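Peer 1: Got a structure for you, written out below as structure tokens; questions coming shortly.
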Amino acid sequence: MIDSYTNRLIHETSPYLKQHAHNPVEWYAWGETAFHRATQEDKPIFLSIGYSTCHWCHVMAHESFEDSSIADYLNRHFISIKVDREERPDIDQIYMSVCQSMTGSGGWPLTIVMTPEKKPFFAGTYFPNESRGGRIGLQDLLVRIHEVWVNQRAEIDQTTTEIVNSLRLAQSSAPGPALSIEMAGVAATEMADHFDPEFGGFREAPKFPGPHNLLFLLQHTHLTGDPTFQAMALKTLTEMRLGGLYDQVGGGFHRYSTDRKWHLPHFEKMLYDQALLLMAYADAYSISGDDLYRRTIVDTISYITRDLGAESGGFYSAEDADSDGGEGKFYTWTTAEISQIVTPERFRQLRDDFSLADSGNFLDEHAHHSTGLNILHLATTPEKLADRFHISTEQWWEDWNRDRDALRQAREKRVRPGLDNKILTDWNGLTIAALSKAARALENPEYATLARLAADFVLENLRTENGTLEHRHTKGNDRIPGFLDDYSDLIWGLRELYETIFDPYYLAAAIELQKVQNRLFWDQTNGGYFLTSNEGETLITRQKEVYDGARPSGNSVSAANLFYLARMTGNSEWEAMVGKIGAAFSAQVRRVPSAFSGLLSAIAVSQSEFQEIVVVGDPNNSETRQMLREVQRGYDPCKVILFKDPKDQKMATLAPYTADYRAINGQPTAYICKNHACLAPVVGAKNLHNVWKKRLSRRE
């Protein structure tokens with residue numbers, strides 16, 4: 001018997017589900033027990049989907065799911081199911097597409113009402129407890145839905161049939177014309193049309209970081225030579241770093257900005273945002289050498305290792321926007337608080353540097369009145385701030401770092417935001433990739449060590465005996481088979497890690513996982529990858545997605561993985577699959593190319609000049625290491641690097657074309673092939689330096 005204070009979710013591992021374990025609602029987790037009971041009692045399913053750091057999920061839970069009258073009505077007339085969207089992206093993706101098609105918009109909390117057969121007939125997002133301001137309240141909504149369920153079952157059956165047929169039709173379209181590199185140009189132009197030249201970013205508020213779009217723009221300038229697109233990306237990265245979107249005290253980025261200037265963030269912090277933004281700043285630093293980007297990388301990595309790092313070597317998922325009963329309470333300051341922490345002289349400078357005000361430097365988002373609170377954001381770049389006070393930029397940073405440390409220590413005495421301690425394969429894969437890129441950009445081996453530890457954790461704990469992946473690390477038995485993104489993002493991470501430390505173990509793991517992914521997820525009829533495995537749970541449709549939302553889609557990342565792995569291994573079949581992915585989604589991409597920057601990045605690189613570089617030599621030889629660093633330096637998405645130890649035959653197995661490559665006269669030797677034609681071997685670090693210097697000067 002479930003009492004009114006503890007329900008079935010108390011036995012779940014998801015932090016989000018556990019947040020609702022003491023609701024008077026008799027929640028079920030997604031599973032056959034709930035659907036069987038709904039069938040037996042002829043009740044509709046009330047499905048609520050959210051995640052632990054979702055502010056409006058918390059609001060709806062407090063207003064409605066903790067309300068005994070609403071809970072009583074749900075318990076009598078519905079079977080209620082809670083789903084963590086981060087644990088079950090397959091369920092979320094299907095029903096979010098239903099919500100968007102039925103209402104024209106979506107978001108979380110996602111509210112779905114459906115039949116015991118999982119067929120939806122109502123969709124929405126947040127509903128207040130009571131009807132107000134033209135928005136129906138949950139109390140009235142539930143009564144109406146119950147009446148329809150009892151009295152209009154034929155209409156419900158017709159609606160569900162139409163919705164399910166529409167979903168299935170959308171997933172069965174035949175391939176279209178192949179995508180070409182020219183489509184990347186169309187996407188870049190679309191982005192330029194919506195670019196904010198004053199504050200960076202795209203369109204009006206709210207503004208999302210969209211790091212995969214910035215990666216695309218940096219790449220597009222590299223491929224075309226047009227500096228316009230790189231400038232857009234660098235402007236956005238600078239403005240985001242100066243703004244309140246960036247946690248100036250603790251490092252790391254919040255989810256998105258509610259205003260055009262990046263000042264007022266939505267305060268949750270997601271691991272995948274940190275990872276993708278780290279990649280963008282690493283590429284930007286490799287291109288520009290801007291010290292602000294370097295510091296951003298260092299401080300963001302400090303944040304994720306300090307606050308999201310698990311002892312096991314993996315990384316937790318997110319930190320909440322809310323703490324101590326308020327959104328952003330952990331991150332905001334009164335001027336009185338700051339004045340008690342720093343010296344009077346420093347406080348006067350911080351007022352100017354960070355636009356602090358006694359009345360607060362932002363208005364309440366809903367009531368639009370002064371808050372008395374301040375979000376730290378820089379008024380301009382540190383170089384210009386230093387000039388105002390006639391000090392060097394280094395002195396400015398030294399002074400601010402001292403104040404920042406003091407503020408962070410004071411902040412740690414506050415109630416911290418809630419931590420979502422799920423360890424997800426896909427988000428850790430992105431973080432492995434980001435740490436690896438940062439290690440190369442900053443030539444910092446410590447970051448490579450962090451990436452290796454995370455990779456080892458995932459491969460040891462989230463890869464099964466038969467070589468498949470699990471989505472989430474758990475100590476219990478409620479295991480979730482891996483989704484497409486788990487494979488694609490982890491393969492990405494392993495690729496980047498290999499090209500950072502050149503341990504063939506990680507390249508071999510990437511290759512094996514790519515084979516498993518192809519077997520379990522590839523659409524043999526129309527091309528592209530399904531989100532779910534052919535061995536997974538059967539839902540009302542099998543989704544296949546390429547749209548790049550908060551992060552690049554599994555198909556986008558897979559297209560890049562296939563191409564780079566093909567060039568590393570010589571597997572031409574995998575390279576051909578890149579074009580098949582493009583054709584599978586051709587119609588969607590052509591409608592709004594800028595919404596598919598991840599896929600178009602892969603397509604563009606696959607159709608551009610490309611180099612394979614193999615360095616052969618003793619790994620303990622300093623000259624060998626010097627040659628590897630030489631070819632790692634700088635920004636160039638159009639190359640892959642392999643290392644072959646003459647005493648180790650693993651690389652000849654992984655990349656058979658390297659079998660005859662040797663260290664000439666016992667000296668480290670580089671083999672460089674460009675556009676399917678190979679240059680003469682380059683012997684020794686000095687000769688390679690000269691070759692590489694000429695190559696870079698030609699590009700410039």
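No value in this document is a laboratory result; all are computed from the given coordinates. All values reported here derive from a predicted model rather than from experimental measurement. With ideal geometry, Cβ positions are generated from the backbone for all residues, glycine too; neighbour counts draw on all protein chains shown.
Peer 1: By how many degrees, between 0 and 90 and to the nearest 10, does the Cα long axis of helix 89-103 differ from the longest principal axis of the chain?
Peer 2: 60
Peer 1: Next question. Hey, fewest Cβ within 10 Å first, where do K261, K329 land in order? Kindly include the intermediate steps, with their values, before the conclusion.
Peer 2: Values: K261 19, K329 16.
Arranged by neighbour count, lowest to highest, K261, K329 become K329, K261.
Peer 1: Tell me which residues come under 5 Å, amide H to amide H, from S80 once H is placed; ignore anything under 5 positions away on its chain.
Peer 2: Y28, F46
Peer 1: What order do you get for 48-56, 614-622 when each peptide is scored by the mean count of other beta carbon atoms within 10 Å, highest first?
Peer 2: Numbers: 48-56: 23.2, 614-622: 18.3.
Packing proxy ranking, top to bottom: 48-56, 614-622.
Peer 1: Which number comes out as Rg/Rh for the chain once both Rg and the Kirkwood Rh are worked out on C-alpha atoms?
Peer 2: On the way: Rg = 26.4 Å, Rh = 27.0 Å.
So for the chain, dividing Rg by the Kirkwood Rh gives 0.98.
Peer 1: Within the set K650/K693; K515/K639; K119/K544; K82/K544; K82/K475; K235/K639, which residue pairs have Cα atoms separated by over 28 Å? Present the calculation step by step, with values, prior to reporting the outcome.
Peer 2: Values: K650/K693 31 Å; K515/K639 22 Å; K119/K544 19 Å; K82/K544 24 Å; K82/K475 21 Å; K235/K639 26 Å.
Going by Cα-Cα distance, K650/K693 fall outside the 28 Å limit.
Peer 1: A further question follows. What is the spread of the Cα atoms of the range 8-170 along each of their three principal axes, largest first, in whole Å?
Peer 2: 36, 36, 30
Peer 1: Per DSSP H run of at least 4 residues, take -39500 (n - 2.57); add these up for the chain, divide by its residues and hand me the 222 nm value, nearest 500 deg cm²/dmol.
Peer 2: For the chain, the value works out to -15500 deg cm²/dmol.
Peer 1: Angle, helix 685-699 long axis vs. longest principal axis of the chain, Cα atoms, 0 to 90°, nearest 10?
Peer 2: Tilt of helix 685-699: around 60 degrees.
Peer 1: So what are the ³J(HN,Hα) numbers for the range 437-452, from phi and the Karplus equation (6.51, -1.76, 1.60; θ = phi - 60°), rounded to whole Hz, Gly and Pro as x?
Peer 2: Working through the residues one at a time gives 5, 5, 4, 6, 5, 9, 6, 10, x, 5, 5, 5, 5, 4, 5, 5 Hz.
Peer 1: Write out the GluC sites (Glu not before Pro) in the range 168-241 meeting two conditions: DSSP loop, and at most 12 other Cβ atoms within 10 Å of their Cβ. It would help to have the intermediate numbers written out before the result.
Peer 2: Values: sites: E182, E190, E198, E204, E239; in loops: E198, E204.
Here the sparse-neighbourhood loop sites are E198, E204.
Peer 1: Determine ³J(HN,Hα), in whole Hz, for all residues of the range 17-29 in sequence, where each value follows from phi through the Karplus function 6.51 cos²θ - 1.76 cosθ + 1.60 and θ = phi - 60°; x replaces Gly and Pro.
Peer 2: Running phi through 6.51 cos²θ - 1.76 cosθ + 1.60 with θ = phi - 60° gives 5, 5, 4, 9, 5, 10, 5, x, 5, 7, 5, 10, 6 Hz.
Peer 1: I've got another one for you. Against the longest alpha carbon principal axis of the chain, how many degrees, from 0 to 90 and to the nearest 10, is the axis of helix 271-288 turned?
Peer 2: 30
Peer 1: What relative contact order, as a whole-number percentage, does the chain give when Cα pairs under 8 Å and 6 or more residues apart are counted? Write down the numbers at each step before the final one.
Peer 2: Numbers: 1285 pairs, mean separation 76.3, N = 700.
So the answer I get is 11 percent.
Peer 1: With θ set to phi - 60° and the Karplus curve 6.51 cos²θ - 1.76 cosθ + 1.60, what are the ³J(HN,Hα) couplings of the range 228-244 in order, to the nearest whole Hz, using x for Gly and Pro?
Peer 2: 4, 6, 4, 4, 4, 5, 5, 4, 5, 4, 5, 5, 5, 5, 6, x, x
Peer 1: Can you flag which of K580/K647; K437/K694; K384/K694 are past 28 Å Cα-Cα? Kindly include the intermediate steps, with their values, before the conclusion.
Peer 2: On the way: K580/K647 38 Å; K437/K694 24 Å; K384/K694 36 Å.
Violating the 28 Å limit, Cα to Cα: K580/K647; K384/K694.
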